[in-house]
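For reference, the structure is listed below as structure tokens.
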Amino acid sequence: MDNDIERVLYSEETIKEACQRLGHQMAHDYQDKNPIIVGVLKGAVLFMTDVIREMDILAELDFIDVSSYNGGTASSGEVKLVHDLSIDVADRDIILVEDIIDTGRTLKFMQDLLKERHAHSIKVCTLLDKPSGRVVEAKADYVGFIVPNEFVVGYGLDYGDQYRNLPYVGVLKPEIYENK
Ligand SMILES: O=P(O)(O)OC[C@H]1O[C@H](OP(=O)(O)OP(=O)(O)O)[C@H](O)[C@@H]1O
Ligand SMILES: Nc1nc2[nH]cnc2c(=O)[nH]1
């Protein structure tokens with residue numbers, strides 16, 4: 001799998017430092033609020049499990065599965081709810097945890113859903129933010145890294161549902177796409 005990577009953008013060590021920074025900041029901001037921390041499947045799984053270990057506060061965890069990339073490098077433009085939350089979010093403080101914000105469509109979809117369900121507050125923590133990809137307005141409150149306009153994989157992020165288990169974030173060799 002390592003052989004398919006052209007360039008590492010964020011190493012394991014760099015990601016660990018970002019998880020500590022973001023986790024400590026959120027723990028400070030959410031002390032005594034008992035937030036619901038919502039991981040967005042599947043991409044945010046690795047980031048979510050690492051960042052919550054840096055948060056020494058009471059919190060509930062939940063997951064939502066939404067998808068719009070169909071395995072390729074371009075957004076289909078249509079966000080689908082694959083699996084819903086299990087906790088009622090009404091009057092609760094929500095932290096959405098994402099691996100990446102690119103076009104912003106996924107985040108907007110989830111924010112609209114949580115607002116409809118009367119969440120008390122909604123904040124967003126993302127490992128990666130790609131502002132150059134935006135199609136709709138979307139902003140995160142806690143950001144690990146601003147990424148260049150490239151399709152990245154690893155640490156939860158996939159290409160064709162592969163590469164999620166790489167411990168770092170990188171860019172694939174061009175021939176991997178060409179051979180598909
Ligand atoms: O800002 P956007 O352009 O909407 O892209 C961001 C979303 O794309 C990826 O999810 P994807 O739909 O690929 O599902 P996955 O997490 O299961 O891989 C990623 O995990 C984000 O949720
Ligand atoms: N794997 C991956 N998924 C994405 N979803 C939105 N942008 C990206 C990206 O750069 N890489």
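The values are calculated or read from the model by the stated rules, or taken from the named source; none is laboratory data. In this text the structure is predicted, and so the values were computed from the model without any measurement. For neighbour counting, all protein chains shown are included, and Cβ atoms are generated from backbone atoms with ideal geometry for every residue, glycine included.
Quick rundown of the values:
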| quantity | calculated |
| --- | --- |
| Residue tally, condition in contact (Cβ under 8 Å) with a residue 24 or more places away in the chain and not aliphatic (A, V, I, L, M), over segment 70-88 | 8 |
| Residue list for segment 19-38, restricted to those being closer than 12 Å to TYR142 by Cβ and crowded, with 20+ Cβ neighbours inside 10 Å | CYS19, LEU22, GLY23, MET26, ILE37 |
| Those residues of segment 1-17 which are surrounded by fewer than 20 Cβ atoms within 10 Å (Cβ to Cβ) and part of a helix (DSSP H, G or I), in sequence order | ASP2, ASN3, ASP4, GLU12, GLU13, THR14, LYS16, GLU17 |
| Selection count where residues are charged (D, E, K, R), more than 22 Å from SER76 (Cβ to Cβ) and within 15 Å of ligand 1 (Cβ to nearest atom), scope segment 116-139 | 1 |
| Qualifying residue in segment 20-38 (condition: under 21 Å from ASP158 (Cα atoms) and within 11 Å of the chain's Cα centre (by Cα)) | yes |
| Cβ-Cβ under 6 Å pairs, at least 6 apart or on other chains, segment 39-67 side within 19 Å of ILE15 (Cα to Cα), far side basic (Lys, Arg) and outside any strand (DSSP E or B) | none |
| Extreme residue, modelled with the lowest pLDDT, among residues of segment 77-95 that are within 10 Å of ligand 1 (Cβ to nearest atom) and not in a loop (DSSP other than H, G, I, E, B) | LYS80 |
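Residue-by-condition table, conditions (1) β-branched (Val, Ile, Thr); (2) away from ligand 2 (no atom under 13 Å from the Cβ); (3) closer than 28 Å to ARG7 by Cβ; (4) in contact with a Phe, Trp or Tyr (Cβ under 6 Å, 6 or more places away or on another chain):
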residue: LEU85; (1), (2), (3), (4): no, yes, no, no
residue: GLU98; (1), (2), (3), (4): no, no, yes, no
residue: THR103; (1), (2), (3), (4): yes, no, yes, no
residue: VAL124; (1), (2), (3), (4): yes, yes, yes, no
residue: ASP129; (1), (2), (3), (4): no, no, yes, no
residue: ARG134; (1), (2), (3), (4): no, no, yes, no
residue: PRO167; (1), (2), (3), (4): no, yes, yes, no
residue: LYS173; (1), (2), (3), (4): no, yes, yes, no
